[in-house]
Ligand SMILES: Cc1cc2nc3c(=O)[nH]c(=O)nc-3n(C[C@H](O)[C@H](O)[C@H](O)COP(=O)(O)OP(=O)(O)OC[C@H]3O[C@@H](n4cnc5c(N)ncnc54)[C@H](O)[C@@H]3O)c2cc1C
Ligand code: FES
Ligand code: FES
């Protein structure tokens, strides 16, 4: 790496559309800027530059076990350095003689008006078709949840999705067979079948410099300090492949670089926390969830970080590492004050470890925001409750948006232990939670509103988890 006038350049190898390239560039440059300014691939649009609109979506493919997992991501907040070793495809790389399958259906329904959002839609739908073997309208709609059309062409976009999924409802479970079907149907160009071989041949060079900033998915950093990033040497978590979820006899261990979408799709997580998959759609958009990491959410230390609130209730421990020194900190002790955490700047969260639920354990997450989807919380809350013969033997409750830090409600959690679940106990827990917090007035709501909201969320937790014991009508 040459470090000249604080702007460094390194060689980054990846496959861009159908070509293996070596970019000599600043690895903290956004992928969007590289694609548009250096490669003149202008189908990738630059609009909000904050991950909110999806106009800059590109397809990223990561090679794993002989096949490539494709996802759509927002390139405006994606570090170029994280593209190393991957396949990046833009609309230019999906074009074929005439229109491709998805473009055809958009054109047939006039689903492109000004066309600014259209490339992003085509990219997200291509990822959807590459990653699934069965296609239905509902799933196609979820796949484009982070793509916004300012012309309100939603009616025609919806019709295009219906037509697409009606025309092609199944593909193959087998990856190679699916690629062949998608090529035959003109969803993707033929060169996609050669990509696994191309990626296998790329060496994964380790960047050996003294790093100044840790970058996970970049979804927070590229919104908060995009300019400052250009002058810093990065440590990319992506290179350490901390993207795993495993279980031991008594724990579930999640690598710090695991993305929200990987957690939502994990068999282990779904086995122990079946509601998690449904809850995850309340967090950001799929475009962001494909990239945002669990450790990034925890270190971000936002008082309303959704994953943080969930892992506070789950009593997670954080395994931190710097050089060869390791230590473990309970997440409940990690937050010292507003955006003040028990971590050295270059210490990384290698793993997040949660106790494996045993016995009669139930978990729930609630989030209230101005919009149901694609919005940050006004107040959010999680609960983990273990009962034995109807008596609570273990409880963990957390709440966001009610204090300068993501808040563990210790007093209310302790209050619940030894109690039998009843309307009166839930009412008392709700009062206790409201007493335990000190929210402030802000754009998400007044302090009084947030207190009330948390009280209601405590009731909602119990109504959701114990409908046979709780009469919600009597609690409101
Ligand atoms: C459009 C949009 C919508 C969003 N919606 C939501 C939402 O609904 N709910 C929500 O909670 N958040 C939301 N976010 C915020 C963001 O996606 C999350 O905070 C995300 O988890 C950050 O993870 P990251 O890997 O992208 O972090 P980065 O941006 O890479 O890093 C964030 C911080 O964590 C540090 N860091 C990253 N990885 C590690 C590691 N392994 N060890 C140590 N330090 C590390 C970085 O140095 C930095 O300080 C949204 C963001 C965007 C852009
Ligand atoms: S430009 Fe809007 S999400 Fe990237
Ligand atoms: S067609 Fe214009 S933004 Fe969607």
(request) Return a yes/no flag: does segment 427-441 have any residue that is in contact with a strand residue (DSSP E or B) (Cβ under 7 Å, 6 or more places away or on another chain), in the same structural domain as residue 385 (by TED's automatic domain parsing), modelled with pLDDT of 95 or more and not in a helix (DSSP H, G or I). (result) yes
(request) For residues that are outside any strand (DSSP E or B) and touching a strand residue (DSSP E or B) at 6+ places or on another chain (Cβ under 7 Å), scanning just segment 315-325, find the one that is surrounded by the fewest Cβ atoms within 10 Å (Cβ to Cβ). (result) 315
(request) Take residue 312 and decide whether it is outside any loop (DSSP other than H, G, I, E, B) and closer than 26 Å to residue 450 by Cα. (result) yes
(message) Can you report the number of residues in segment 339-360 which are at pLDDT below 95, in a strand (DSSP E or B) and closer than 15 Å to residue 271 by Cβ?
(response) 0
(request) Considering every residue within segment 104-112, establish whether at least one is within 27 Å of residue 64 (Cα to Cα) and either surrounded by 16 or more Cβ atoms within 10 Å (Cβ to Cβ) or within 21 Å of the chain's Cα centre (by Cα) (or both). (result) no
(message) Is it the case, given these coordinates, that residue 10 is closer than 26 Å to residue 224 by Cβ, in a strand (DSSP E or B) and within 16 Å of ligand 2 (Cβ to nearest atom)?
(response) no
(request) Determine whether residue 409 is more than 28 Å from the chain's Cα centre (by Cα), assigned by TED's automatic domain parsing to the domain that holds residue 304 and surrounded by 14 or more Cβ atoms within 10 Å (Cβ to Cβ). (result) no
(request) Could you please give the count of residues in segment 144-175 that are more than 16 Å from ligand 1 (Cβ to nearest atom), in contact with a strand residue (DSSP E or B) (Cβ under 9 Å, 6 or more places away or on another chain) and at pLDDT 95 or above? (result) 0
(message) When you scan segment 464-475, do you find a residue that is touching a helix residue (DSSP H, G or I) at 6+ places or on another chain (Cβ under 7 Å) and within 19 Å of residue 310 (Cβ to Cβ), even just one?
(response) no
(request) Among the helices (runs of 4 or more DSSP H) lying completely within segment 197-302, list those that include at least 2 residues that are within 16 Å of ligand 2 (Cβ to nearest atom) and over 19 Å from residue 63 (Cα atoms). (result) 221-224, 226-229, 286-289
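The values are calculated or read from the model by the stated rules, or taken from the named source; none is laboratory data. Keep in mind it's a predicted model, so treat the numbers as computed, not measured. Cβ atoms come from the backbone with ideal geometry, glycine included; neighbour counts cover every protein chain shown.
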